[in-house]
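First comes the structure, then the notes that go with it.
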Amino acid sequence: MVDAPAFVDEKVEEIREQVGDGKAVIALSGGVDSSVAAALAYEAIGDRLIPVYVDTGLMRKGETESIRETFSFMHSLTVVDAEDRFLAELAGVTDPEEKRHVIGEQFIREFEREATEADADYLVQGTIYPDRIESEGNIKSHHNVGGLPEVVDFEGIVEPVRDLYKDEVREVARELDLEEVIAERMPFPGPGLAVRIVGEVTKEKVEVARDACHVVEEETAEHEPWQAFGAVLGKATGVKGDNRVHGWVVAVRSVESRDGMTARAQELDWDTLQRIQSRITGMNENVARVVYDVTHKPPATIEYE
């Protein structure tokens with residue numbers, strides 16, 4: 001396990017040396033990885049760090065408002081509304097790897113724009129070790145590793161937690177006294193809800209996935225999963241009232257894990273599963289059925305794409 005106090009001192013000094021007297025943009029998502037990277041960079045270079053949160057339209061329910069509140073102490077926080085651009089670029093894209101590359105490209109171009117405006121030469125990312133393993137091992141391209149475009153207009157990319165697993169990042173978060181809502185927060189994929197939608201990403205599917213994820217997180221909280229969410233798979237026949245519907249199929253996923261490299265599907269009780277399906281099918285007239293994914297990792301991955 002990581003020696004958190006020593007790690008903090010080491011990385012703060014490394015960031016100071018790498019950035020020097022320059023400025024850096026931090027890709028802030030609100031998750032524990034980017035939050036730890038932001039806290040380390042902020043301690044190292046202070047107000048020369050420009051936190052940028054990009055609202056891609058693929059985020060959790062209420063995420064943007066939560067970001068504004070949690071990171072209000074960083075006065076240079078910039079919130080970018082990029083939903084229309086991300087959805088337009090994803091239109092017609094169905095291949096999972098292509099999705100991740102499209103999202104990676106859009107993210108980096110947005111950070112380049114913000115860096116130019118702020119006269120910053122460095123980009124700070126919350127890349128962690130499993131991101132690198134899965135990208136370099138051709139399991140899937142993480143948007144901040146394999147999904148990055150070949151040409152990036154930064155003098156350097158700073159990744160202070162790149163050698164840590166998720167549980168080690170949480171240890172560092174506690175050492176930095178980050179709020180529990182951040183330090184213990186359930187993981188959320190960098191590409192957002194796009195990888196919880198099988199096939200083309202549309203605004204309708206995103207809304208279904210967002211609501212489903214919110215329900216699943218709430219209803220599984222007492223079971224303390226490592227990660228839990230709902231994913232939109234496709235369409236199937238159902239009946240609502242006296243009418244036949246051809247509606248969305250939502251898969252519920254709830255897993256236990258230590259670092260995300262392997263995971264076991266949780267054995268949720270029947271009452272919990274029934275509450276989940278009732279809420280998801282009840283809140284959206286276009287959802288026809290809900291299924292529960294019992295597959296471990298491996299052979300499956302935790303996310304769907």
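The values are calculated or read from the model by the stated rules, or taken from the named source; none is laboratory data. Bear in mind the structure is a predicted one, so any value in this text is a computation, not a measurement. Cβ placement follows ideal geometry from the backbone for every residue including glycine, while neighbour counts extend to all protein chains displayed. Side chains included, ligands, DNA and RNA excluded: accessible areas come from the protein's heavy atoms. Shrake-Rupley method; radii C 1.70, N 1.55, O 1.52, S 1.80 Å.
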Val255 being in a strand (DSSP E or B), farther than 26 Å from Arg132 by Cα and not aromatic (Phe, Trp, Tyr): no
Subset of segment 63-85 (residues that are touching a helix residue (DSSP H, G or I) at 6+ places or on another chain (Cβ under 8 Å) and not aromatic (Phe, Trp, Tyr)): Thr70, Met74, His75, Ser76, Leu77, Thr78, Val79, Val80, Ala82, Arg85
Single residue of Glu267, Glu200, Glu222 found to be outside any helix (DSSP H, G or I), out of contact with any helix residue (DSSP H, G or I) (no Cβ under 8 Å at 6 or more places or on another chain) and of a type in the set (Asp, Glu): Glu267
First in segment 188-210 and farther than 11 Å from Ala231 by Cβ and of a type in the set (S, T, N, Q), second anywhere and open to solvent by 10 Å² or more (accessible area, probe 1.4 Å) and not in a helix (DSSP H, G or I), Cβ under 9 Å, 6 or more apart: Thr202/Ala91
Matching option when the condition is in contact with a strand residue (DSSP E or B) (Cβ under 7 Å, 6 or more places away or on another chain), buried (at least 18 other Cβ atoms within 10 Å of the Cβ) and farther than 22 Å from Asp55 by Cβ, among Ala173, Ala212, Ala236, Ala228: Ala228
Subset tally (residues that are closer than 16 Å to Phe154 by Cβ, touching a Lys or Arg at 6+ places or on another chain (Cβ under 9 Å) and surrounded by 23 or more Cβ atoms within 10 Å (Cβ to Cβ)) for segment 1-36: 1
Filtered residue count, segment 31-79, keeping only those that are out of contact with any strand residue (DSSP E or B) (no Cβ under 7 Å at 6 or more places or on another chain) and small (Gly, Ala, Ser): 9
Extreme residue, nearest to the chain's Cα centre (by Cα), among residues of segment 250-289 that are farther than 16 Å from Arg196 by Cβ and of a type in the set (Val, Ile, Thr): Thr262
Positions within segment 67-82 being surrounded by 17 or more Cβ atoms within 10 Å (Cβ to Cβ) and over 23 Å from Val161 (Cβ atoms), in sequence order: Ala82
Qualifying helices (runs of 4 or more DSSP H) (wholly inside segment 1-83; at least 3 residues being touching a residue at least 60 places away in the same chain (Cβ under 8 Å)): 4-19, 32-45
Filter result (of a type outside the set (S, T, N, Q) and either in a helix (DSSP H, G or I) or open to solvent by 30 Å² or more (accessible area, probe 1.4 Å) (or both)) within segment 285-299: Glu285, Arg289, Val290, Val291, Tyr292, Val294, His296, Pro298, Pro299
Residue that is in contact with a Leu (Cβ under 7 Å, 6 or more places away or on another chain) and open to solvent by 30 Å² or more (accessible area, probe 1.4 Å), where the choices are His223, His246: His223
Yes/no for Glu218 being among the charged types (D, E, K, R) and under 22 Å from Phe86 (Cβ atoms): no
Single unsatisfied condition, Val195 versus (1) in contact with a Phe, Trp or Tyr (Cβ under 9 Å, 6 or more places away or on another chain); (2) crowded, with 23+ Cβ neighbours inside 10 Å; (3) in a helix (DSSP H, G or I); (4) modelled with pLDDT under 95: (4)
Selected residue (only one of Gly241, Gly260, Gly282 is open to solvent by less than 20 Å² (accessible area, probe 1.4 Å) and of a type outside the set (S, T, N, Q)): Gly260
Failed item in (1) at pLDDT below 95; (2) open to solvent by less than 60 Å² (accessible area, probe 1.4 Å); (3) not hydroxyl-bearing (Ser, Thr, Tyr), with Val255 passing the rest: (1)
Checklist (1) within 23 Å of Ile45 (Cα to Cα); (2) touching a helix residue (DSSP H, G or I) at 6+ places or on another chain (Cβ under 7 Å) applied to Lys99, failing item: (1)
